[in-house]
1. Scan segment C:107-148 residue by residue and report those that are more than 17 Å from residue C:83 (Cα to Cα) and among the aliphatic types (A, V, I, L, M).
2. Among the numbered criteria (1) at the interface with chain C (Cβ under 10 Å from one of its Cβ atoms); (2) polar (S, T, N, Q); (3) under 27 Å from residue C:51 (Cα atoms), which one does residue B:42 miss?
3. Please go through segment D:98-118 and give me each residue that is within 14 Å of chain B (Cβ to nearest Cβ) and not in a helix (DSSP H, G or I), ordered by number.
4. Answer with yes or no whether residue C:220 is more than 10 Å from chain D (Cβ to nearest Cβ) and open to solvent by 50 Å² or more (accessible area, probe 1.4 Å).
5. Starting from residues that are part of a loop (DSSP other than H, G, I, E, B) and touching a strand residue (DSSP E or B) at 6+ places or on another chain (Cβ under 7 Å), keep the ones in segment A:119-138 and report whichever is farthest from the other protein chains (Cβ to nearest Cβ).
6. Could you tell me which numbered condition residue C:123 fails, if it satisfies all but one of (1) surrounded by 15 or more Cβ atoms within 10 Å (Cβ to Cβ); (2) without any contact (Cβ under 8 Å) to a residue 24 or more places away in the chain?
7. On the basis of being more than 8 Å from every other protein chain (Cβ to nearest Cβ), open to solvent by less than 30 Å² (accessible area, probe 1.4 Å) and under 19 Å from residue B:256 (Cβ atoms), does residue D:267 make the cut?
8. For segment B:126-151, which residues satisfy the criterion of being in contact with a Ser or Thr (Cβ under 7 Å, 6 or more places away or on another chain) and either hydroxyl-bearing (Ser, Thr, Tyr) or open to solvent by 60 Å² or more (accessible area, probe 1.4 Å) (or both)?
4 protein chains.
Amino acid sequence: MSSRHILLMDGPDHKGLIFTVTKVLFEHQQNIIRNDEYVSPSGYFFMRTEFEGEINPNIVFSALRKALPEDLRLRLKSDKKKDIVLMVTKEHYCLAELLIRYAFDELGANIKAVVGNYNTLRPLVEKFNIPFYHLSHEGLSREEHEDKLLKLLLRYQPEFLVLAKYMRILSPGFVSHFPEKIINIHHSFLPAFIGANPYRQAYDRGVKIIGATAHFVNNNLDEGPIIAQDVKRVSHRHTAADMATLGRDIEKAVLSEALKLVFNDRVFIHRNRTIIL
Amino acid sequence: MSSRHILLMDGPDHKGLIFTVTKVLFEHQQNIIRNDEYVSPSGYFFMRTEFEGEINPNIVFSALRKALPEDLRLRLKSDKKKDIVLMVTKEHYCLAELLIRYAFDELGANIKAVVGNYNTLRPLVEKFNIPFYHLSHEGLSREEHEDKLLKLLLRYQPEFLVLAKYMRILSPGFVSHFPEKIINIHHSFLPAFIGANPYRQAYDRGVKIIGATAHFVNNNLDEGPIIAQDVKRVSHRHTAADMATLGRDIEKAVLSEALKLVFNDRVFIHRNRTIIL
Amino acid sequence: MSSRHILLMDGPDHKGLIFTVTKVLFEHQQNIIRNDEYVSPSGYFFMRTEFEGEINPNIVFSALRKALPEDLRLRLKSDKKKDIVLMVTKEHYCLAELLIRYAFDELGANIKAVVGNYNTLRPLVEKFNIPFYHLSHEGLSREEHEDKLLKLLLRYQPEFLVLAKYMRILSPGFVSHFPEKIINIHHSFLPAFIGANPYRQAYDRGVKIIGATAHFVNNNLDEGPIIAQDVKRVSHRHTAADMATLGRDIEKAVLSEALKLVFNDRVFIHRNRTIIL
Amino acid sequence: MSSRHILLMDGPDHKGLIFTVTKVLFEHQQNIIRNDEYVSPSGYFFMRTEFEGEINPNIVFSALRKALPEDLRLRLKSDKKKDIVLMVTKEHYCLAELLIRYAFDELGANIKAVVGNYNTLRPLVEKFNIPFYHLSHEGLSREEHEDKLLKLLLRYQPEFLVLAKYMRILSPGFVSHFPEKIINIHHSFLPAFIGANPYRQAYDRGVKIIGATAHFVNNNLDEGPIIAQDVKRVSHRHTAADMATLGRDIEKAVLSEALKLVFNDRVFIHRNRTIIL
């Protein structure tokens, strides 16, 4: 029985890496379906190889591990869907987009649960028979609220946490539990208009194009590695409110695009930049 | 003999402004070719009317001035080409774009002269039989250099000064001689990456889209009213140098687009934003 | 009690039309909120005026009708939401987009019912408490099927009929019941790839950009007036199936954009083209 | 002395091709700078490898040729600039773009000559000290005219022939002398608006987006493999003439982009599609 596997490799460049990888796969009768490499100007090597064959992939992986330099990180991924949890506040459009994609088997992930710091979106989520948890932040310190979140999330052990318009800042402590696993959608063309009210800022600055940015969350607000961005044209006729309305469509499209890349194991992170193979 | 005129009006909104304008034009047998208005959310009125007819336009203008509120600014423009001067440093691509458009009568302006703080671009300019002035900044204080520039510019009395990759910062004193008359092309999608080396900044931040911005110059560096912007997609494969190369094409296209709007008297400025009618 | 109204005017151009319209509105103490005009190169006049005031709008309308030339068509629209019916086959994504927008009051229309020639999408529609009708075409002639559709639609008297991936061709007879009232989303950048399997055609032709087109339906398949279009880049790596997947996101975005324009009474039709004011 | 070489390979897919290529390069102490592969859904293999090293590249090439299947086509390219000839009629903008890029060493090719069937563009070309040949078609049959062209071109032996707005149709006989070597810029988003007057056609059809297409020329007019495309938004306000003006900027940008890809040996042709690695 043949199955498809994805091998992710990154580390300092060495001569002969591609040769060694393809040699081991060839010797193990694996068929390469797709292969992409990139070497950064600073000499860092990235490679993503999709292969299939009838030998146990763990055997192939061990052989690769043995044949390749120790400072090259190797990760073997199956094409199994990722388990994810969504976090939301009150805005529905990114959440709805993901729920619809999930309901029609287009998301490439299983939404195990949705957590909201408001109860507003419960009816929407429950239409799709997914558990909704209302963990209000009211009356709680940030630490207390995040402790409650963490306890809930531990139960689900999500591979990725998607902030689908979750409007509260997460502390470095919280983020450290999910390194390179939290994805956020920011309602501006980062790094322009970092922080609050980006559409108001965009209106005041009189820009002719607005955008949205999906990025990994790290300890610096709005400064994690960018996965995807898109833009639309605006004119003086767009009020800040019009921009926000228009922006929603960009945000949900960009978040979907970013998640597709992430869930297909196509995204590497290096020095706060993404390499997408 | 009929000719085409453009009337620009801006000021606080009043009831009946469009009615009054069209009434006066109608009474003077003027034909409206194109008419655009905009009222900002804060109640500021903008109107641009192209009209033609056989009566002396100054008579029409006086009648309009009399009929309209005093706090409404009126400007009458003919469709005569604007006289402009270009300022450059060493990079050729925006300059070349404008020279070619001028040579084939597509610029909507007369390039009276080109001034460079280096002599690098003289051969290109002289191919097109346009005077080139080399005013080096070397060995001069900013004030001394700008004095020399001013003296030269006074001779040409340009309606607009176009910074076609002029890489020196102009002092507020210099700028104050050309209010709303200096147009710059900035090699980033403002307000992202203000300041030096925007493509290096863009590379380091790992953005997936780069852009360029044409704007009027005021006293705050890179913060004047934006006229036009455009973008292109990049990936991790683009080095900062690749981005700069790709960016050139955006820059010259955006500058051309902005100049077309300005030279057609389509751009109003209000509260550091442009209204384009 | 003041309310907002929209006046749509189109017909052969005459001198003084704008003047007359604004005069009547001024005399009836109506406040113009937004005003846009366009005169085509062939001399056809279009004007859309949003106004508000305390006088009965029918009185204003009668005065306008009396003051304006007879060959100018006038239509008065309120800002009431339009009643619409959706028609679908098996594909969910455009339907889902519209249902979500409707559920969160962002559609500018009331979805009175959804009709499918398959029963596939019933569960999705019923999540949103909207009537779903399954009118199968199987075993019926086109005429018989369309008769059943017509009977159902007559009950709802929709102002617009939206084909949200309805995959059957409608006969001229059927279309004639809904002149300028049927909106379709076509999965190509029309007029490229008219007809069946546009993504397969696009793949075979090796295009580098794919698109979608929202248009009014008239008697010529895929040739009605275009309302909105958008595109995305593709490469040789996209199979026809990948293009179809990517295309879905364009289709739903373009259909939403077109409907927003139509439901806001911003779209005129003239000589098989749309004028959008 | 180390130099950079580009190896292009295409043919039916076999197991182990990448392995074999990288093995031979590794054994010859070549350093892979960039490597891209693609396998089409129909099982056709494409690979482009940039490498450098101190061994004579012909030795490396022979070793590769021996190690790889016979049905795999191999081509070795140096990074030397290509010699090209441009063909023009009366329109200047694509020509000017290429001349400027060439003058500032950004074209990646040497323009050996420009041939026009009118004499209009001679002054522009001569500004850049490039030979201009006026080969009028007047009073000649197509065959006679093409014979004269061929004689001239034989003298220059160009690697590529660029039709920079050459407005005459080339016969299959002529084209057969330059297989996969003639590049044309077409003023529409192909396959929409094939043939004459595409902007007039686009206006009449009422499209909301216009475009341009750079493609290889084969025996079917406007149907050769597409290299690059781009688009811009238009509205009802754009006349056919406005679209033509706007279109020029798309055309010259798309042609430049396509030439960059071709001159960098990044374009494969297979079944009338381009694969760009």
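1. C:121, C:124, C:135, C:140
2. In the conditions (1) at the interface with chain C (Cβ under 10 Å from one of its Cβ atoms); (2) polar (S, T, N, Q); (3) under 27 Å from residue C:51 (Cα atoms), residue B:42 misses (1) alone.
3. Answer for segment D:98-118, where residues must be within 14 Å of chain B (Cβ to nearest Cβ) and not in a helix (DSSP H, G or I): D:104, D:105, D:106, D:107, D:108.
4. Yes.
5. A:135
6. The single condition residue C:123 does not satisfy is (1).
7. no
8. Answer for segment B:126-151, where residues must be in contact with a Ser or Thr (Cβ under 7 Å, 6 or more places away or on another chain) and either hydroxyl-bearing (Ser, Thr, Tyr) or open to solvent by 60 Å² or more (accessible area, probe 1.4 Å) (or both): just B:142.
The values are calculated or read from the model by the stated rules, or taken from the named source; none is laboratory data. The shown structure was predicted, so the numbers you read here are calculated from the model rather than taken from an experiment. Please note: Cβ atoms are built from the backbone with ideal geometry, for glycine as well, and neighbour counts cover all protein chains shown. Just so you know, the surface numbers come from the protein's heavy atoms only, side chains and all, with ligands and any DNA or RNA stripped out. Shrake-Rupley method; radii C 1.70, N 1.55, O 1.52, S 1.80 Å.
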